Every structure is written in C-alpha cells, then in structure tokens.
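Encoded as structure tokens, the structure appears first; notes follow it.
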Amino acid sequence: MVSLVVSYCLLLSHGVSWCFVVSHGVSCCLMVSHGLKVLAIDEHLNVVHQDNVQFDSALPEFRTQGGVHLHPDRLTVTSPVLMWVKALDLLLDKMKRVGFDFSHVQALSGSGQQHGSVYWRRGASRTLQDLDPDQDLHHLLKSSFSVLDSPVWMDSSTRTQCLHLQDTVGGALRLAQITGSTAYERFTGNQIAKMRQSRGVEFEDTERISLVSSFAASLFLGGYAAIDYSDGSGMNLLDISTRTWSEICLQATAPHLDLLLGLPRPPTSVLGPVSAYFIHRYGFSESCSVVAFTGDNPASLAGMRLQPGDIAVSLGTSDTVFLWIQQPRPALQGHVFCNPVDWRQYMALLCFKNGSLTRERIRNECAGGSWEVFSAALRETPLGNDGNIGFYFDTMEITPPGVGVHRFDRDDKQVSSFGGQVEVRALVEGQFLSRRLHAERLGYNIVPGTRVLATGGASSNRDILQVLSDVFNAPVFTIDLNNSACLGSAYRAMHGNTTVIQH
Ligand code: XUL
C-alpha cells in the first residue's frame, strides 16, 4: 500500500526555468463560457493582478445565459463573437482605471474554451492591422465577422458531419489515430463542415477561421494568429503525429480549408509584438510579445505544472483526468492532444460523467448520507474488496459509453447487490480502476516517481484519496485548480518569451 501525501499547495516544484522574466507576464483568458479573466504574474510567478468580466451581468445587451445562446433545437449552442470583443474592451478599461501599468508587461498569452470557432469576414485582416486607438475594439470590428454567432464547445448539432468524416477516413479508430480523437460533435472541423453546408453565403464571405484562443490572440497581435498544435488537436483536423493539417480530414470538411486555417504553430511560439493599438491605447511596451494562445484544457495542464509521468484527477460533478504522455496510443475513448508545454510530447484528456453525483447517491443509500460513515466503510474494508467490484453508471457514461449498475463478486459472477460497506469500496475502487485503465489504454504508464494530483470537491476526503493512491500505486498530492487555465497561460507567456523554438 502506498502512503498518501496531501499537500495543500498549488505550486509543486517543476524544475523548468520558465521564470527568468524580470517583469510581469500577463495572461488573458476567454474562459469556458461565462466570462473573460485576466491574471498577471511577476518574475517569481506570484500573481500580482487579477480581474474578470462576467458576460451575462456585464454585457446584458447580448442576452446570454452562462455566456451562451441555446437554440430552439436544443443542440445548437453559440456565443456572440462581439460580446467577447466587448468584454476585452471592458476588462482592459477596468485595468487602466485601477492604474495597472501595462508598460511592465513583457509577454502575454491566453486561453480560450476549446473547439469554438470564429469566422472573420473578407477584409478583416486589413481592419485588424489598422485599428484607431481612440475607439473601442467592438466598435472597430463590428463588421469584421461573417458569422456573428460562434459555435461553442457545448454545441452537439453535427452528428451528420461526424459520421461523414469517420466514413471518409476509414472509421472511428482511424480518425483517432490521425487526429487523437474519434469524431465529436463539438470538435471544430465538424462545426466548420456544418457551417459550410448550412450558411453557404456567410461561409463564402469568410477569409479566415480562428479558434477562440487564436481569435483572442489575433486581437492583441493586430493580425491573424496561428492556431497552436495543442488547441488545434481539438478539431478532428490536425494530424497529431506530423503536426500538420490532415489532407483527408480537410477534404472531408471544406474545400481549400488549409487557406482558411493558416499554418498551425508550436504552442510556445512567439507570434510577434503586441499591436500599435494596444501600445497607444493602454501603454503596452513595443517589446511586449504575444505568445500563442491555446485551449483551456492544455492551459490547465501548464497551470498544474504537470510533469512527464504525472496524472491529474479532478473529482467533481463529472471526473476529468489529465495526463502527460510521451508515446500516445489514441483509442476510441478519450482525447490525445499535442502537449502545450513541450510540443514534441502529448497530453490526454478523459471525461467521466458519473463522478460526485454517483458517490453522493451511494453515500445516501449505504452511509445514511454521511461522509464520515462513507469514509469509515473505506477504512474498514480491505484493499481489493475481497474481489468484489462494480461499475456504477447512473447516467449514460462517456468513458466508456454504458449505463446501469453492474456488480461482480469474487467469482466474477454478476450479483444484484452488495452489503453497504462493500458497495462503498466497490464504487470508489471501480471508479479509480476505470480512470487508470482508460489512461493506460491511451499510452499512459505508471513509472517510479509518478505523482497523482487530485483536485475538486471529493479531493478533500482523505479516505477516497487513499483508494486513489492505492489504485495508482503512487503518492497523491492535492492541488487547487481554481484559475489553473489562466495561471497556465501566464506561465506559458513567460515560457514562450524565454524559449527559442527549433521547429
Ligand atoms: C474539452 C471540452 C471542454 C471545453 C470547456 O474537450 O469540450 O472541456 O474545453 O471549455
């Protein structure tokens, strides 16, 4: 049995010298869907400023709920792109009002929700290059988008396009081997295919397609920013082994799509200096560089300072597992992305829908609603649960797709119930064994020195974490993931600014 180490700190030592910048790295994040956040760090990685704008409350004229519009078909979910632009105006104005000194910012980067797409109208590139610093961005860019409602990650309206893509490349597994994931409705390539089919006129009027991350970078750059390999891996379009657009996926999606997407670049690339607009309007220095923006999940991996061999497990309503992988084996479940910190490596993301809500149901049914009693059941039952194990999918699981409760006794016979304490251990061991199994299927190996980083509500329960530690045969550390994407973007700003890319 491995002992459990619980440490209540965010920064676990990393050993990479990202921090030799003598001033602030600023990170700007277009967050999941609710708002825009900014965070600045100094040369010691201390946070020196943070602020945010909530879309629904600060920009009520766009009438969003949780930052999005849910369409009547209940499958289509979009956000107004001009709301994102206006939020940036508001946030930077707020920083200026409180006296934030933009001239100290050496580098900036950011992250955006993965998979969302932005459609720039013909001529927008010229507009971006010549922005009048006396006017707001949202005013200057109001005619620069061919599609005003950007599809976002919550959209699930592209089933037909997904089936077409998989058929064209030779099946779901083949697509995963090329792009790191089977076809997902929210993935950008499928969103682009739908846009071309359903809004042909607007699509024809488009000169560039950005991800949310590269769109935000473009605003700062005053020109189209490259899509980085890591966020680009969430599109079902990038060949994750060559890190170039996959010809067959592009062709299945839209003609001449490579011209609309531009060349993908390493996530640590310095894309150029901040544009004259920001220098004159806010006082940024001419030498402030814009480091490629990336997706929120890759940015979180950077913010957690995951190292090769580490695994991070977020125990929330649904459980999410982040992995740093060297040699991935894309599978039918889970996503493999190019790594946001070291572009030669990979990361993986696994989502499990049945997390805390299922643990709470078993707590209510087997432990009288008490976490104390639930914990005691874990302490009083043996590791391995005498061979009793269960799969508890109260709602249709994502990884693997399955539903229902399935219990097996020590003889591998399916049984309909367990005693209360056995049920508690069967649930928690079953959940963590599944996290480990699916991680290993994607190419993850537990090696000496592996650390499990735990976060989310259930990570405050030591007995649950002990099971996690036992299942992974590794020490567990707890971390606070609030702000990890934003913090990760700030680290990346510093890292990019101090790294010479050889690619
Ligand atoms: C990951 C995913 C979400 C979004 C949230 O594939 O769809 O985590 O990135 O912004």
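The criterion of at least 3 residues that are modelled with pLDDT of 95 or more and of a type in the set (A, V, I, L, M, F, W, C) is met, among helices (runs of 4 or more DSSP H) falling completely within region 420-503, by 420-441, 462-472. Within the option set VAL341, VAL290, being more than 15 Å from the ligand (Cβ to nearest atom), in a strand (DSSP E or B) and crowded, with 24+ Cβ neighbours inside 10 Å holds for one residue only, VAL290. GLY368 fulfils the conditions (1) part of a helix (DSSP H, G or I); (2) open to solvent by 20 Å² or more (accessible area, probe 1.4 Å) except for a single criterion, (1). Of all the residues in region 163-192, those that are among the hydroxyl-bearing types (Ser, Thr, Tyr), under 13 Å from HIS115 (Cα atoms) and either touching a Cys at 6+ places or on another chain (Cβ under 9 Å) or more than 16 Å from the ligand (Cβ to nearest atom) (or both) number 1.
Screening TRP245 on (1) open to solvent by 20 Å² or more (accessible area, probe 1.4 Å); (2) within 16 Å of the ligand (Cβ to nearest atom); (3) among the aromatic types (Phe, Trp, Tyr) shows it passes everything except condition (2). Checked against the criterion of being in contact with a strand residue (DSSP E or B) (Cβ under 7 Å, 6 or more places away or on another chain), open to solvent by less than 10 Å² (accessible area, probe 1.4 Å) and either away from the ligand (no atom under 16 Å from the Cβ) or modelled with pLDDT under 95 (or both), region 197-209 has at least one qualifying residue.
As a summary of the residue check, ARG329 satisfies the conditions (1) at negative phi; (2) within 16 Å of the ligand (Cβ to nearest atom) except for the one numbered (2).
Determine whether SER150 is at pLDDT below 95 and within 23 Å of the chain's Cα centre (by Cα). Criteria not met by SER150. If the condition is being modelled with pLDDT of 95 or more, closer than 23 Å to VAL53 by Cα and in a helix (DSSP H, G or I), then region 97-127 contributes only ARG97. Scanning region 115-128 for residues that are of a type outside the set (A, V, I, L, M, F, W, C), away from the ligand (no atom under 16 Å from the Cβ) and open to solvent by less than 60 Å² (accessible area, probe 1.4 Å) returns TYR119, GLY123, SER125, THR127. Pairing each residue of region 166-193 that is assigned to a loop (DSSP other than H, G, I, E, B) with any residue that is within 16 Å of the ligand (Cβ to nearest atom) and among the hydroxyl-bearing types (Ser, Thr, Tyr), provided the two are 6+ apart or on different chains, yields C-beta distances under 7 Å for GLY180/SER233; GLU185/SER156; GLU185/SER157; GLU185/THR158; ARG186/SER156; PHE187/SER181.
Among the residues that make up region 152-169, is at least one of them open to solvent by 10 Å² or more (accessible area, probe 1.4 Å) and among the small types (Gly, Ala, Ser)? Within region 152-169, one or more residues are open to solvent by 10 Å² or more (accessible area, probe 1.4 Å) and among the small types (Gly, Ala, Ser). Whether a residue is open to solvent by less than 40 Å² (accessible area, probe 1.4 Å) and either over 27 Å from SER246 (Cα atoms) or in contact (Cβ under 8 Å) with a residue 24 or more places away in the chain (or both) was assessed, and LEU131 passes this test.
The values are calculated or read from the model by the stated rules, or taken from the named source; none is laboratory data. Here the structure is a predicted model, which is why all the values come from computation and not from measurement. Cβ atoms come from the backbone with ideal geometry, glycine included; neighbour counts cover every protein chain shown. Accessible surface is based on the protein model in full, side chains and every heavy atom, while ligands, DNA and RNA are left aside. Shrake-Rupley method; radii C 1.70, N 1.55, O 1.52, S 1.80 Å.
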